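Structure first, commentary second.
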Amino acid sequence: MPSVYVTAEIPQNGITILTKRGFKVQSNLGRRLSKNELKEIFAKYDGVVTLLTDHIDEEIIKSSRNLKIIANFAVGFDNIDVLAAKKHGVVVTNTPSVANISVAEHTMMLILACQKRLIGADRYVRAGRLERWDPLMFLSPQVWGKTIGIVGLGGIGLTVGQMALQGFKMKIFYNDIIRAQDFEMISGAKFVDLETLLSSSDIVTLHVPLTVKTHHMIDKKEFSLMKKTAIFVNTSRGSIVNQEALIWALTNGIIAGAGLDVFENEPHVPHTLSVLGNVILTPHIGSATFETREAMAKIVAENIIDVFEGRTPLGLVKVD
Ligand code: GLV
């Protein structure tokens, strides 16, 4: 009976699929695991389900004996040294596509909340400051018809584009390593270089994976190119942005505001960021809908079953 360790509680449907198929599943229902604990688990189990917060480096992977699969419970897999896994004959899988709608909805929420100053307005009312209605109170630009710059037009970026177009008739600029001509035809989206995107967009939103190439791709120079009125949204990975440069841009009026679901060095959020009034912060919950979490648990289970039954899993992470 193959054994699978799950490093945190995940929706029950995934566990049920595995146990019905004859897997012996052990879940960690306690605190997050240390590196040494992870090494022991990798040495003992045939499969491990990891979270994006489990940093799986070569030292941990090396300790595995019979391990066949690291099934990441996430779309991103920047937390795993996939080259080391390949070297040691361990398959890595992720949960592709299932978070597109959830993360795109979260992105749209941050755009609207930043633009409409939702948090400030809510605090204003709660603080008892609403003495009389004033025609010039909390004015904000409309979102309708504005230009959105989408950096990375994968599944999530594309879904953001569709929502921006169908919900708010926004003009779309996008940048990616490949062109999406079909999407351009139906949406009028324009493929532009990063500089043009940054300097022409009212809203800039990031949807690229974290790799060595995208690490700090948005730095001081990139913020300087953006409009002073721009809203910047990041629901991808914190380290794609130089967080110090972002704090500088928000503090010095280089951009108008930001909506952030991710941070460099999570779970730490620096005080210099959390004190700012022109930023909205959420705790990496872009994909946290019931629907997406259940779908993730199902794909994780199916990825594991496929690997043990000799099929190519849907979420196979390819390493070149
Ligand atoms: C969330 O950030 C994920 O990669 O699934």
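The values are calculated or read from the model by the stated rules, or taken from the named source; none is laboratory data. Keep in mind that this is a model prediction, so the values were computed, not measured. Cβ: placed from backbone, ideal geometry, glycine included. Neighbour counts: every protein chain shown. Just the protein is used for accessible areas: all its heavy atoms, side chains included, with ligands, DNA and RNA removed. Shrake-Rupley method; radii C 1.70, N 1.55, O 1.52, S 1.80 Å.
Would you point out the residue of segment 282-298, among those that are among the β-branched types (Val, Ile, Thr) and within 11 Å of the ligand (Cβ to nearest atom), that is least open to solvent (accessible area, probe 1.4 Å)? Can you show your working first?
Here is the first cut: in segment 282-298, the ones among the β-branched types (Val, Ile, Thr) are 282, 285, 289, 292.
Among the residues that remain, those that are also within 11 Å of the ligand (Cβ to nearest atom) are: 285, 292.
Details: ILE285: 68, THR292: 7 Å².
Here the residue is THR292.
Looking at segment 182-216 only, could you name the residues that are open to solvent by 40 Å² or more (accessible area, probe 1.4 Å) and aliphatic (A, V, I, L, M)?
Of the residues in segment 182-216, the ones open to solvent by 40 Å² or more (accessible area, probe 1.4 Å) are 182, 185-186, 188, 190-191, 193, 195-196, 199, 209-213, 215-216.
Answer for segment 182-216, where residues must be open to solvent by 40 Å² or more (accessible area, probe 1.4 Å) and aliphatic (A, V, I, L, M): MET185, ILE186, LEU210, VAL212.
Output the qualifying pairs, or none if there are none: Cβ atoms under 7 angstrom, residues six or more apart or on different chains, first residue in segment 164-177 and in the same structural domain as ASP193 (by TED's automatic domain parsing), second residue in a loop (DSSP other than H, G, I, E, B) and of a type in the set (S, T, N, Q).
From segment 164-177, the pairs are PHE173/SER201.
Here are some residues: ALA164, ALA71. Which one is small (Gly, Ala, Ser), more than 16 Å from the ligand (Cβ to nearest atom) and open to solvent by less than 50 Å² (accessible area, probe 1.4 Å)? Outline the logic, then answer.
On the way: ALA71 fails: more than 16 Å from the ligand (Cβ to nearest atom).
Residue meeting the stated conditions: ALA164.
What is the residue count in segment 227-258 for residues that are farther than 20 Å from HIS207 by Cα and within 16 Å of the ligand (Cβ to nearest atom)?
Summing the residues that are farther than 20 Å from HIS207 by Cα and within 16 Å of the ligand (Cβ to nearest atom) in segment 227-258 gives 0.
Scan segment 16-51 residue by residue and report those that are β-branched (Val, Ile, Thr) and open to solvent by 20 Å² or more (accessible area, probe 1.4 Å). Give the steps one after another, and end with the answer.
Filtering segment 16-51 for residues β-branched (Val, Ile, Thr) gives 16-17, 19, 25, 41, 48-50.
Residues satisfying the conditions are THR16, ILE17, THR19, VAL25.
Do we have SER64 as modelled with pLDDT of 95 or more and surrounded by 21 or more Cβ atoms within 10 Å (Cβ to Cβ) here?
On the way: modelled with pLDDT of 95 or more: yes; surrounded by 21 or more Cβ atoms within 10 Å (Cβ to Cβ): yes.
Here the answer is yes, as SER64 does meet what is asked.
Return the residues of segment 74-108 that are open to solvent by 20 Å² or more (accessible area, probe 1.4 Å), within 16 Å of the ligand (Cβ to nearest atom) and in contact with a strand residue (DSSP E or B) (Cβ under 8 Å, 6 or more places away or on another chain); say none if nothing qualifies.
PHE77, VAL82
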